Amino acid sequence: MKADPASDLLTESQACLVLNALPGVGPIVLHRLREAVGGGFREVLLAPPSRWEKVRGLREAGAAALADWSRHFDLPGEEAKLAAAGASFLAWSDDSYPAALREIADPPLGLYRRGPADPGRRGVAIVGTRRPTHYGRAVARELARALVERDFCVVSGLAQGIDTAAHESALAAGGATVAVLGTGLDLAYPPENRALQERIAATGAILSEFPFGRPASRQSFPRRNRIVAGLSLAVIVVESGAAGGAMITARLAGEQGRPVFAVPGRIDQPTSAGCHQLIRDGVTLLTGIEDLLEELGFLGGRRPLPISPRPGAGLAEASRLTGDEAKVLARLAGGEILAPDVLAESLAIPAARISAALLMLELKALAARQLDGRYEAIDPA
């Protein structure tokens, strides 16, 4: 049994494109194969199977895919899709491959890319929950803006919530942002962020390790997260549950030797539980952008960016509130996030009046409804 004869015609970049997509063999094993056969990844495809079989971690399915790769991967078809999408493939062998990714234990053999931004330029990751509080979204936006002003690239995973807030703020500030997908480059996940994905591709970069058409899966997002961390000088976790995906990114960043920062929140807020756990475990508590600049060795030179929650939101507007609205807003003023029934019980106001008051506070931009139905005050300042 010998390697596919079509391998003789491949460039090193094409070999990376092929190997990156083959089933049954991941980046760690592929790098072991490269070391075992000597040379580059083209030599892996040219080598006889006898050179592969003793490589640790290579299983029968992976060896079979290597030996007959053209049956598993349509190289001309994939190259046509790249051209049609206006995309490129940054192969391990290319000078444009991000240098920081070469340092991690399991670097991808290549990255599909759309957009003009250099994904290896001064990246800082901002990650967090898909269900943030108003405070969390505001912090993510402020941090992204401050990073862009200091010529950093904001890296995140295009998920709803904190990721979206960070990407949008970087774009609004006129800076670069890089989104790493857990799907093929041609898919939008979540679908609600398709327009944002296109905006990022216009001025920043959309990256994916996965070939065209690869859907999201439980395995694809941790793989995405390792690239988010690997591209970045540091990772900031804004809000996360104790078992959220951002916690995986933080753990991977720590394993990769990247500094990890966590933003503190309310002790009774579930979306801050992960950040508080990280702080207990020894990551740096982030109170402002200067904390990150100092840790990374950059001189800040600007006034520190406050990111602490500001209690008393909206009280300056009390003169134009009804009695019920003022009572509800005062109850939320300490930063609590409460459900309508809790407000009704604690204020001894009928539920219908509470609902009406909350609706008016939303319309006046003094309160925000969370995805779980609870409400929090918004500081208009």
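Data table
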item: Extended-chain gain in nm, criterion 0.36 nm per residue less alpha-carbon gap, Asp268 and His72; result: 65.5 nm
item: Karplus-derived HN-Hα couplings along segment 283-291 (A = 6.51, B = -1.76, C = 1.60, θ = phi - 60°), whole Hz, x at Gly and Pro; result: 6, 6, 6, 9, 10, x, 4, 5, 4
item: Distance in nm between pseudo-label sites at Ala202 and Glu295 (7 Å out along the Cβ direction from Cα); result: 3.4 nm
item: FRET efficiency for Thr11 and Gln160, using Cβ-Cβ distance with R0 set to 45 Å, rounded to 0.05; result: 0.70
item: Burial ranking of peptide ranges 122-129, 16-23, 69-76 (average Cβ count within 10 Å, highest at the top); result: 122-129, 16-23, 69-76
item: For segment 315-377: rounded, prolate or oblate by the Cα gyration tensor [a/c cutoff 1.5]; result: rounded
item: 3J(HN,Hα) from dihedral phi, segment 209-225, Karplus parametrisation 6.51/-1.76/1.60, rounded to Hz, x for glycine, proline; result: 7, 9, x, 4, x, 6, x, 5, 8, 5, 7, 6, 6, x, 5, 4, 5
item: Rounded to 10°, Cα long-axis angle of helix 245-255 versus longest principal axis of the chain; result: 60 degrees
item: Theoretical FRET efficiency, 1/(1+(r/R0)^6), r = Cβ-Cβ of Glu149 and Glu192, R0 30 Å, to 0.05; result: 0.60
item: Sum of -39500 (n - 2.57) over DSSP H runs of 4+, divided by residues of the chain (222 nm, nearest 500); result: -12000 deg cm²/dmol
item: Volume per residue of the C-alpha convex hull in the chain, rounded to whole Å³; result: 147 Å³
item: Among 260-273, 339-352, 25-38, 236-249, the order from most to least packed when residues are scored by Cβ within 10 Å on average; result: 236-249, 260-273, 25-38, 339-352
item: Share of alpha-carbon pairs per 10 Å distance bin for segment 1-73, given as whole %; result: 22, 66, 12
item: Computed magnitude of the charge dipole of the chain (debye, nearest 20; Cβ of K, R +1, Cβ of D, E -1); result: 220 debye
item: Of all DSSP beta bridges in the chain, antiparallel share, percent nearest 5; result: 35 percent
item: The chain - percent relative contact order, Cα under 8 Å, separation 6 or more; result: 12 percent
item: Sites Ala105 and Gln219, calculated FRET efficiency, Cβ-Cβ separation with R0 22 Å, nearest 0.05; result: 0.80
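Every number here is computed from the coordinates shown, using simple stated rules; none is lab data. Since we're looking at a predicted model, the values are computed, not measured. All Cβ positions, glycine included, derive from the backbone under ideal geometry; neighbour counts span all protein chains shown.
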